[in-house]
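Everything on this sheet refers to the single structure shown next.
The values are calculated or read from the model by the stated rules, or taken from the named source; none is laboratory data. Worth saying up front: this structure is predicted, and the values here are computed from it rather than measured. Positions of Cβ are backbone-derived with ideal geometry, glycine not excepted, and every protein chain shown enters the neighbour counts. Surface accessibility is based on the protein's heavy atoms, side chains included, excluding ligands, DNA and RNA. Shrake-Rupley method; radii C 1.70, N 1.55, O 1.52, S 1.80 Å.
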Amino acid sequence: MVLNASATQITAQTGLLTERRYLALFLPDWPTDYLKRREPGLAGPLVLYERIKGGLRLAAVDQEAAKGKLMTGQNLADARAMLPNLTVREIDRPLLETAFADFADWHSNASPLVSVLTDRAAFGDLVLDITGVAHLFGGELDMLRLLLTRLRTLGYAVAGAVASTVGAAWAASHFARSQVVLGADTAAVLDTLPVAALRLDDEQVAGLSQMGLKRIGQLHARNRKALQARFGISLLTRLDQAYGRIEERLPSRIPVAERYAERRFADPIGLMDDVLMTARDLAITLSIQLETEGLGAQAFHLFLYRVDHKVMTLSVNSGRATRDPQHIARLFSNRSERLEGEYDPGFGVDMIRLAATSVDQLDALQLGAFETHDGTADLDRLYDRMSSRLGAFSVLRTKFVNTHIPEQAVRFEPAIARTTDDPLALPDRDLPRPLRLLPTPEAITVFAEVPYGPPTAMTWRRISYKFVKASGPERLGVEWWRSPERLQLAPPEPDQSSSKPADALTSEPEPDAPRPLPYMEGEQSRDYYIAEDDAGHRFWLFRQGLYGYAPRPDWFLQGFFS
């Protein structure tokens, strides 16, 4: 099955979709339901508490505790007195938020665009953009029924709704029964709901209730400027978003891939060999779609949807755009070798999706007798396979940098993420350069007959070397244009013939003010020498700093010729 998540393209081609559709799911007891599923041994009424201003207050209660008239915000001691058999746990909000985020990712098997709504709480609400997707499940009503049924089977209390706006779907899922709201019925459904259905904060809801505005429909008769002056622009924004007058965009949990292929299984699979075999089949299907559109991709993502509402992701990258299914399948095969036992299918995988991102134009190639093979394409495929097996930062290439400083003239970058080479950065073949460079220049002690003469001996790593001949120097000046400091020049001397008093000359600093030093290039300049010792070893060493400019010129060893 090949899907395209771009509803705009579907609308342009068929003309059937004129509005977006959203499915909202509300899990009111997510904290307690999640812990019960995580710890099957929990029995009796369950409550979660947190410390608020030195006291222990209930933060979440399950349905059994709610039937015992317990509620959030209640004192923990009072709750224990009301229900002696109460099971108590301290709430772990970071754990619940992370678990709910993974739970939301699992719902991308129903729609590629899934978002967690955090307007009222950090967990418990998620919205799916089901535009152009519902027909795969038999319609919006069947899709809603399927999602609600499978969550209730897993032990979660859930309500849901489908509507034309995010606000309407959220409102119906919280304050109305689970239903599908048609676009023409959006206003009629919203008008009967309480103002809290607009995702307002508690102060705004309390203020509206004091004014007698308890239903959303009552807000239309009020002056908008007066409402904005009292309750802020957020009230009007939520109102317009719910009715579709302002578009509300959803931040997707998983980057939406417009081109992907997926396969669902009647019986879950678990073996990695079965996963790779399915990935190979999906790569062929996806390659046909990319070839039809004249495109290729550089990034491919394999999503494994487990039956226990978890998602595993395998991603591979290519150095250049490709749509070769054999190459894509081999990348995932090499990537699976790096898992080292981390692969855990749980109770099985019931759906696999292969998505392509970083899509670019890739024209078809004419293969025949006149084709020339220079090996570049084969080498790129080799880099891709090695990177997928060893990691992107384990396969590097050298890249020349436009600089005169030898230890900075080359840097490493991933072979599959190469950047354009700078022609000006290529080394000069006429300049003598050693075969080996030290990672960083190492300090040495040098003996010379005269200050500017070639070295006659050196001591490096406590070993003395006596030179029989040397050549040089080759001077490399400091790259002043890369320095973050501005060029400072000495101030001009005051004109003694001027009729103005000395204190009126703007170029003359105060007596106690420090005079800026002139720019002296010789402090960082280097003089390079090629020296050969009596054993035939040739060294590349330099003196940093010129006599008369640097307080004490230092000598360093840079590399070896042989």
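A few remarks follow.
- L302 falls short on exactly one of the conditions (1) assigned to a helix (DSSP H, G or I); (2) touching a Leu at 6+ places or on another chain (Cβ under 8 Å), and that condition is (1).
- So D191, is it surrounded by fewer than 21 Cβ atoms within 10 Å (Cβ to Cβ), more than 10 Å from L25 (Cβ to Cβ) and out of contact with any helix residue (DSSP H, G or I) (no Cβ under 7 Å at 6 or more places or on another chain): no
- F400 meets all of the listed conditions (1) within 30 Å of Q558 (Cβ to Cβ); (2) modelled with pLDDT of 85 or more; (3) open to solvent by 80 Å² or more (accessible area, probe 1.4 Å); (4) within 26 Å of the chain's Cα centre (by Cα) but one, namely (4).
- Conditions (1) assigned to a loop (DSSP other than H, G, I, E, B); (2) of a type outside the set (F, W, Y); (3) modelled with pLDDT of 80 or more; (4) surrounded by fewer than 19 Cβ atoms within 10 Å (Cβ to Cβ); number of the one not met by L70: (4)
- Here is the figure for the stretch 27-64: residues that are outside any helix (DSSP H, G or I) and touching a Leu at 6+ places or on another chain (Cβ under 6 Å) total 8.
- Some residue of the stretch 420-428 being surrounded by 10 or more Cβ atoms within 10 Å (Cβ to Cβ) and touching a helix residue (DSSP H, G or I) at 6+ places or on another chain (Cβ under 9 Å): no
- If you go through the stretch 228-259 and keep only what is among the charged types (D, E, K, R), surrounded by fewer than 14 Cβ atoms within 10 Å (Cβ to Cβ) and outside any helix (DSSP H, G or I), you end up with R245, E247, R249.
- The single condition among (1) modelled with pLDDT of 80 or more; (2) assigned to a loop (DSSP other than H, G, I, E, B); (3) touching a Gly at 6+ places or on another chain (Cβ under 9 Å) that S562 does not satisfy is (1).
- E90 vs. criteria among the acidic types (D, E), modelled with pLDDT of 85 or more and either open to solvent by 40 Å² or more (accessible area, probe 1.4 Å) or more than 28 Å from the chain's Cα centre (by Cα) (or both): yes
- Within the set T186, T131, the sole residue that is in a loop (DSSP other than H, G, I, E, B), open to solvent by less than 30 Å² (accessible area, probe 1.4 Å) and either of a type in the set (S, T, Y) or free of Cβ contacts under 8 Å to residues at least 12 places away in the same chain (or both) turns out to be T131.
- Qualifying residue in the stretch 210-224 (condition: within 35 Å of the chain's Cα centre (by Cα), part of a helix (DSSP H, G or I) and either surrounded by fewer than 18 Cβ atoms within 10 Å (Cβ to Cβ) or at pLDDT below 95 (or both)): no
- Neighbours by Cβ (under 7 Å, 6+ apart or cross-chain): first from the stretch 24-37, at pLDDT 90 or above; second hydroxyl-bearing (S, T, Y) and buried (at least 24 other Cβ atoms within 10 Å of the Cβ): A24/S173; L25/S173; F26/S173
- Within this structure, L227 fails the test of being more than 28 Å from the chain's Cα centre (by Cα), closer than 30 Å to P194 by Cβ and touching a residue at least 12 places away in the same chain (Cβ under 8 Å).
- Criterion (hydrophobic (A, V, I, L, M, F, W, C), under 30 Å from R263 (Cβ atoms), buried (at least 20 other Cβ atoms within 10 Å of the Cβ) and out of contact with any Gly (no Cβ under 7 Å at 6 or more places or on another chain)) met by exactly one of A110, A24: A110
- The number of residues in the stretch 389-407 that are polar (S, T, N, Q), in a loop (DSSP other than H, G, I, E, B) and more than 29 Å from W540 (Cα to Cα) comes to 0.
- Residue count for the stretch 438-470 satisfying the condition of being within 15 Å of A531 (Cα to Cα) and open to solvent by 60 Å² or more (accessible area, probe 1.4 Å): 9.
- Put simply, of E493, E449 the only residue that is more than 51 Å from the chain's Cα centre (by Cα) and at pLDDT below 70 is E493.
- Qualifying residue in the stretch 525-544 (condition: in a loop (DSSP other than H, G, I, E, B), modelled with pLDDT of 80 or more, under 20 Å from I444 (Cα atoms) and polar (S, T, N, Q)): yes
- Candidates A161, A172 - the one that is closer than 22 Å to D240 by Cα, assigned to a helix (DSSP H, G or I) and either in contact with a Ser or Thr (Cβ under 9 Å, 6 or more places away or on another chain) or β-branched (V, I, T) (or both): A172
- Answer residue from the stretch 340-376, given it is surrounded by 10 or more Cβ atoms within 10 Å (Cβ to Cβ) and aliphatic (A, V, I, L, M) and is modelled with the lowest pLDDT among those: L362
- Cβ-Cβ under 7 Å pairs, at least 6 apart or on other chains, the stretch 287-305 side under 11 Å from A364 (Cα atoms), far side aliphatic (A, V, I, L, M) and open to solvent by 10 Å² or more (accessible area, probe 1.4 Å): G294/L362; L295/V359; L295/L362; G296/A321; G296/L362
- Count of residues meeting criterion [more than 31 Å from the chain's Cα centre (by Cα) and without any contact (Cβ under 8 Å) to a residue 24 or more places away in the chain] in the stretch 147-178: 6
- Put simply, of D360, D281, D350, D308 the only residue that is acidic (D, E) and closer than 26 Å to R418 by Cα is D360.
- Enumeration of residues in the stretch 72-94 that are in contact with a helix residue (DSSP H, G or I) (Cβ under 9 Å, 6 or more places away or on another chain), of a type in the set (A, V, I, L, M, F, W, C) and free of Cβ contacts under 8 Å to residues at least 60 places away in the same chain: A79, L83, L86, V88
- Selection status of V410, within 19 Å of A321 (Cα to Cα), modelled with pLDDT of 85 or more, surrounded by 14 or more Cβ atoms within 10 Å (Cβ to Cβ) and not acidic (D, E): no
- Pairs linking a residue in the stretch 534-562 that is polar (S, T, N, Q) to a residue that is assigned to a loop (DSSP other than H, G, I, E, B), with Cβ atoms under 9 Å and 6 or more positions apart or on different chains, are Q544/Q524; Q544/S525; Q544/P553; Q558/P434; S562/P434; S562/L435; S562/G536; S562/H537.
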